[in-house]
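What follows is a single structure, written as structure tokens, with notes after it.
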Amino acid sequence: MNALDDLIDAARADFAAAAQPAELEDAKARYLGKTGRVTELLKGLAVLAPQDKKTRGAEINQAKQRIESLLAERREQLAEAELARQLHAEALDVTLPGRRRGVGGLHPVSRTMQRIEAIFGSMGFDVADGPEIETDWMSFTALNNPENHPARSMQDTFYVDMKDAEGRWLNLRPHTSPMQVRYARAHVARHADRIARGEAIPEIRVIAPGRTYRVDSDATHSPMFHQCEGLWIGENVSFKDLKAVFSDFCRRFFETDDLELRFRPSFFPFTEPSAEVDIAFADGPLKGAWLEVAGSGQVHPNVVRNFGLDPERYIGFAFGMGPDRLTMLRYGVNDMRLFFDGDLRFLRQFR
Ligand code: PHE
């Protein structure tokens, strides 16, 4: 075998050994580069006689072409291997089972909210909505809270670093009562013509469910919690209507008639008289214990006036309850914070 054949074999072996395109380009340089073995052979032609130059030159060129075609072949092989590797890496196994979307569920407090809305809805109550950032007037003043009332303090109420048009600090509403004020005032504005004519206006019957905020945190208080307040104002609405409506609500909410209600005298600036509502189950794990579920009372004349109505003519009641508390009682949960931790192990139980 002549030396040129050996050179071709060596190039073939070198190219085959190159596993990456970069290695192949290095191998190419060793044969066809400026100082490569083929190039050196061609340079050697210079010293030969013209006749020898021709035959030797032709032989070397043939070997060079052979090496170039070996190189091209190997380049193609490597490119194909790279393509195959990529295709394999991106392969989709269509026989694998699909990834399913998890089945979600309503949050237990949302369920309670929906139950409350459904029960009061069936008694003819509308559902109000309103902003969570409120003005001082809506959160306190309209509700007959004196300027120095402790509920207004920074220890009780979260303030927002922003003021209203009159320069008073805005707050995160500490109860849902402002929604009742907004609703009542809108209702009154809608019936301004009747009021001007001295005619009676349709009754206000509304519940206001939503998020509320107070500076408070322990097993039964969360800085963000829920309230649902109710308001019924008319020419002839009395405390006995409050008792009837709220008893009916509790029986339907807890799905039992074996339930006692107690209206315990209390104080709220926005109602007079005021009462705390306690319930006691005749049966079940909470049997016999008085559990506080709501604040309530006859709406204070100043508040009725702030609604834009004449307190000599319009009268009614309001109540406010905690859907979080109600949810705890209904499902036997003993720490309110569990509702807001977002722990799926807890929440899944209500799915
Ligand atoms: N707004 C009261 C509170 O947050 C609850 C309440 C509403 C009490 C209506 C009486 C009447 O404490």
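Among the residues that make up the range 39-51, is at least one of them assigned to a helix (DSSP H, G or I), closer than 29 Å to A84 by Cα and of a type in the set (V, I, T)?
There is no residue in the range 39-51 that is assigned to a helix (DSSP H, G or I), closer than 29 Å to A84 by Cα and of a type in the set (V, I, T).
Can you say whether E255 is acidic (D, E) and on the phi > 0 side of the Ramachandran plot, as far as the supplied structure shows?
yes
Go through the range 155-200 and give me each residue that's among the hydrophobic types (A, V, I, L, M, F, W, C) and within 21 Å of F270 (Cβ to Cβ).
Scanning the range 155-200 gives F158, W169, L170, L172, M179, V181, A184, A186, V188, A189.
Go through the range 231-250 and count every residue that is in contact (Cβ under 8 Å) with a residue 24 or more places away in the chain, among the hydroxyl-bearing types (S, T, Y) and part of a helix (DSSP H, G or I).
Residues that pass the stated criteria total 0.
For the range 280-326, enumerate the residues that are acidic (D, E) and either in a strand (DSSP E or B) or touching a residue at least 24 places away in the same chain (Cβ under 8 Å) (or both).
D283, E292, D324
May I ask you to verify whether C250 is away from the ligand (no atom under 11 Å from the Cβ), surrounded by 18 or more Cβ atoms within 10 Å (Cβ to Cβ) and assigned by TED's automatic domain parsing to the domain that holds V333?
So C250 fits the description; yes.
Could you tell me which residue of the range 273-297 is farthest from the ligand (Cβ to nearest atom), considering only residues that are modelled with pLDDT of 95 or more and of a type in the set (D, E, K, R)?
D278
Would you tally the residues in the range 83-127 being in a helix (DSSP H, G or I) and without any contact (Cβ under 8 Å) to a residue 24 or more places away in the chain?
So the answer is 12.
Report whether or not E59 is over 30 Å from A184 (Cβ atoms), in contact with a helix residue (DSSP H, G or I) (Cβ under 8 Å, 6 or more places away or on another chain), exposed (fewer than 15 other Cβ atoms within 10 Å of the Cβ) and modelled with pLDDT of 90 or more.
yes
Of the residues that make up the range 76-89, is at least one within 16 Å of A17 (Cα to Cα), in contact with a helix residue (DSSP H, G or I) (Cβ under 7 Å, 6 or more places away or on another chain) and in the same structural domain as L32 (by TED's automatic domain parsing)?
yes
Under the condition of being assigned to a loop (DSSP other than H, G, I, E, B) and out of contact with any helix residue (DSSP H, G or I) (no Cβ under 7 Å at 6 or more places or on another chain), which residue from the range 335-344 is surrounded by the most Cβ atoms within 10 Å (Cβ to Cβ)?
Per the stated criteria, the residue is R337.
The values are calculated or read from the model by the stated rules, or taken from the named source; none is laboratory data. Keep in mind that what you see is a predicted model, and the values were worked out from it rather than measured. Note that we place each Cβ from the backbone using ideal geometry, even for glycine, and neighbour counts take in every protein chain shown.
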